[in-house]
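> So that we are looking at the same thing, I have put the structure below in structure tokens.
The values are calculated or read from the model by the stated rules, or taken from the named source; none is laboratory data. Since the structure is predicted, the reported quantities are computational estimates derived from the model, not experimental observations. Quick reminder, even Gly has a Cβ in these numbers, built from the backbone with ideal geometry, and neighbours come from all protein chains shown.
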Number of protein chains: 2
Amino acid sequence: MRGRMQGDLPPGKPELSSYSLGSPIVGYGVARVVDSRHSDFKKGDLVWGRTIGWEEYSLITAPEYLFKINHTDDIPLSHYTGILGMPGMTAYFGFFDIGSPKEGDRVYVSSASGAVGQLVGQFAKLIGCYVVGSAGSKEKVELLKTKFGFDDAFNYKEEHDLDAALKRLMYFTEGIDIYFENVGGKMLDAVLLNMRHHGRIALCGMISQYNLEQPESVHNLIAVLFKQIRMEGFAVAEYYDQYSKFLDFVLPYIKEGKIVYVEDITEGLESGPAALIGLFSGRNVGRQVVKVAQE
Amino acid sequence: MRGRMQGDLPPGKPELSSYSLGSPIVGYGVARVVDSRHSDFKKGDLVWGRTIGWEEYSLITAPEYLFKINHTDDIPLSHYTGILGMPGMTAYFGFFDIGSPKEGDRVYVSSASGAVGQLVGQFAKLIGCYVVGSAGSKEKVELLKTKFGFDDAFNYKEEHDLDAALKRLMYFTEGIDIYFENVGGKMLDAVLLNMRHHGRIALCGMISQYNLEQPESVHNLIAVLFKQIRMEGFAVAEYYDQYSKFLDFVLPYIKEGKIVYVEDITEGLESGPAALIGLFSGRNVGRQVVKVAQE
């Protein structure tokens, strides 16, 4: 959503183009169908997807990114904006497909208590990786270590030297095999100094960069050459045809309590702008959800 | 060789560690065996490999990177320091394995008339890519367009704005699918602005960076995220077990004259230092070879 607030995006897919002033913001959401002329969706269906506006009623004309929810009462509907929706698939395909993890790999996740990061860490633990995360408050660091089962974690806002912090936490494991990148800028520079030979960097986001007039520069890119690192950006939408595969993986873990998910739910459309802006200073704890309307 | 002239390389494989002052420089070369206690090599054999010193006679104690040459008179022995040796394999595996090319892809090669670049361009043409190269003189640009068959080429030293140069040459092809990176720094930054969605960047070298006290910074890395680019460093030594596969591919093309190779041969050990230093200003045209000794 932040990206689409640029006025100067190049023409492309409608769902990636600049927002029009005066129109509702469109993002990912959960909704109930109140009327439908589309054969795949009928009145009463619950859906999640990308074309749902920040409004009480949305008219969806191109439902290509709309998924039906087979609702069961033991799963909160908000999960379809998080662990069972776009952020969950982002964590799953970014980590497993781009990260190419194997048991014993050393994984580092920035923005680790966020919508995606908290899942990457838990997925990594499930397959026997050593996982370190960073976040921006003492409370979040505690969450990482206690609730999400990270092996170690640090508060990046309290570290003057991110390179030293990574060396301290990754030292005995000799560096990082997989970096799940949500932040960019200085963090990426520090990580490059601590990657292992043949490491993988899954570029999921660079939240530190989106609000800058000029992007920060990165100095240590030569490490990608010398350490034969693979760095790859990915877009979750390219995996949407594998949604059922993802559900088959993640639902049992949720039902058995082996994966947990923390959400930060604010109420009312009027809380939306502050919730969105708060992401860039890390005000949220866990997946930020705005409840716009309720039946 | 330039890399090993750093005094502060971390301990690692002997062939990647810092040179010792007072010892001969070791690099890739062609030699004839004058004596051997190793069962794989016998007196009279011709060999190429990484452990051959800049000296008339070398003692090779660890021949793991030594390959026997099945010499035929129609191939110059110098080719085993180039098209049939390390640079040839670098171009082949870097382009085909890391670049994942397909017919019609738009390929850009920097340092394109060099030991590796001239081959990447020719390999790319063989499979039906559109290929643009850059080099540092009018003579080299002419070589690219006439001798090596690049579709287009430019002299980077005459361009004030590399981004504009790439847009001019790649414009009607809508950008770059594969960038074969030999240069780094400003060139990489300009390329990132011109990569296509799902482009690949094969990081082979960053010669603009090796002699800098501090590496240049790169500003446009966010393109890797937004365009879902894969950027990957590679090391040719990891492909050496596939040398025969490479020979089977390349030898027929050489014999049929469908691939050409330009070498810049200087005579005598005393010409070595200037030849090495000349690489960093682009004094050489084609593969730089130093003939240290001859039978």
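> Tally time: how many residues in segment A:133-164 are among the polar types (S, T, N, Q) and either in contact with a Gly (Cβ under 6 Å, 6 or more places away or on another chain) or closer than 15 Å to A:Leu119 by Cα (or both)? Show your work before the answer.
Within segment A:133-164, the subset among the polar types (S, T, N, Q) is A:134, A:137, A:146, A:155.
Next, from what is left, pick out any that are either in contact with a Gly (Cβ under 6 Å, 6 or more places away or on another chain) or closer than 15 Å to A:Leu119 by Cα (or both): A:134, A:146.
Adding up the residues that qualify gives 2.
> A further question on this structure: Can you find a residue in segment B:206-217 that is without any contact (Cβ under 8 Å) to a residue 12 or more places away in the chain and in contact with a Leu (Cβ under 9 Å, 6 or more places away or on another chain)?
Yes.
> A further question on this structure: Could you check how many residues of segment A:153-190 are small (Gly, Ala, Ser), on the phi > 0 side of the Ramachandran plot and more than 22 Å from the chain's Cα centre (by Cα)?
First pass over segment A:153-190, keeping only residues small (Gly, Ala, Ser): A:153, A:164-165, A:175, A:184-185, A:190.
Next, only the ones that are on the phi > 0 side of the Ramachandran plot stay: A:175, A:184-185.
Going one step further and asking which of them are more than 22 Å from the chain's Cα centre (by Cα), we end up with A:175.
So the answer is 1.
> Among the residues of segment B:66-112, what is the count of those that are under 16 Å from the mean Cα position of the chain (by Cα) and polar (S, T, N, Q)?
5
> Output the residues belonging to segment A:181-216 that are away from every other protein chain (no Cβ under 11 Å) and more than 16 Å from A:Gly136 (Cβ to Cβ).
A:Val191, A:Leu193, A:Asn194, A:Arg196, A:Glu213
> What about A:Gly128, is it touching a residue at least 24 places away in the same chain (Cβ under 8 Å), part of a loop (DSSP other than H, G, I, E, B) and not β-branched (Val, Ile, Thr)?
Yes, satisfied.
> Go through (1) more than 16 Å from B:Val191 (Cβ to Cβ); (2) part of a helix (DSSP H, G or I); (3) among the small types (Gly, Ala, Ser) and name the single condition B:Ser100 misses.
Result: B:Ser100 passes all but (2).
> A further question on this structure: In this structure, is A:Gly233 at pLDDT 95 or above and either among the small types (Gly, Ala, Ser) or not assigned by TED's automatic domain parsing to the domain that holds A:His197 (or both)?
Numbers: at pLDDT 95 or above: yes; either among the small types (Gly, Ala, Ser) or not assigned by TED's automatic domain parsing to the domain that holds A:His197 (or both): yes.
Yes, satisfied.
> In addition: What pairs come out if I take residues in segment B:261-290 that are free of Cβ contacts under 8 Å to residues at least 12 places away in the same chain and pair them with residues that are exposed (fewer than 15 other Cβ atoms within 10 Å of the Cβ) whose C-beta lies under 6 Å away, six or more apart or interchain?
none
> Any residue at all in segment B:268-282 that is in contact with a helix residue (DSSP H, G or I) (Cβ under 8 Å, 6 or more places away or on another chain) and not hydroxyl-bearing (Ser, Thr, Tyr)?
yes
> Is it the case that segment B:115-126 has a residue that's at pLDDT 95 or above, of a type in the set (Lys, Arg) and out of contact with any Cys (no Cβ under 9 Å at 6 or more places or on another chain)?
yes
Here is a yes/no grid of residues against (1) farther than 19 Å from A:Ile83 by Cβ; (2) touching a Phe, Trp or Tyr at 6+ places or on another chain (Cβ under 6 Å); (3) not in a helix (DSSP H, G or I):
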residue	(1), (2), (3)
A:Gln118	no, yes, no
A:Gly121	no, yes, no
A:Glu139	yes, no, no
A:Lys145	yes, no, no
A:Lys157	yes, no, no
A:Val183	yes, no, yes
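> With respect to A:His219, is the statement that it is surrounded by fewer than 19 Cβ atoms within 10 Å (Cβ to Cβ), more than 8 Å from every other protein chain (Cβ to nearest Cβ) and under 22 Å from B:Glu181 (Cα atoms) true?
no
> If you don't mind, another one. Would you point out which residue out of B:Glu213, B:Glu295 is surrounded by fewer than 15 Cβ atoms within 10 Å (Cβ to Cβ), among the acidic types (Asp, Glu) and within 28 Å of A:Gln228 (Cβ to Cβ)?
The match here is B:Glu213.
For (1) in the same structural domain as A:Asn194 (by TED's automatic domain parsing); (2) under 17 Å from A:Phe180 (Cα atoms); (3) not small (Gly, Ala, Ser), each residue gets a yes or a no:
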{"residue": "A:Gly117", "(1), (2), (3)": "yes, yes, no"}
{"residue": "A:Val131", "(1), (2), (3)": "yes, yes, yes"}
{"residue": "A:Lys145", "(1), (2), (3)": "yes, no, yes"}
{"residue": "A:Ala153", "(1), (2), (3)": "yes, yes, no"}
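> Let me confirm something: among A:Ile52, A:Ile75, A:Ile83, which residue is surrounded by 17 or more Cβ atoms within 10 Å (Cβ to Cβ) and over 18 Å from A:Ser17 (Cβ atoms)? Reasoning before the result, please.
Values: A:Ile52 fails: over 18 Å from A:Ser17 (Cβ atoms); A:Ile75 fails: surrounded by 17 or more Cβ atoms within 10 Å (Cβ to Cβ).
Result: A:Ile83 is the single residue among A:Ile52, A:Ile75, A:Ile83 that is surrounded by 17 or more Cβ atoms within 10 Å (Cβ to Cβ) and over 18 Å from A:Ser17 (Cβ atoms).
> Please find, among B:Leu247, B:Leu203, B:Leu251, B:Leu193, the residue that is crowded, with 20+ Cβ neighbours inside 10 Å and either free of Cβ contacts under 8 Å to residues at least 60 places away in the same chain or under 19 Å from the mean Cα position of the chain (by Cα) (or both).
Every option except B:Leu203 fails the conditions.
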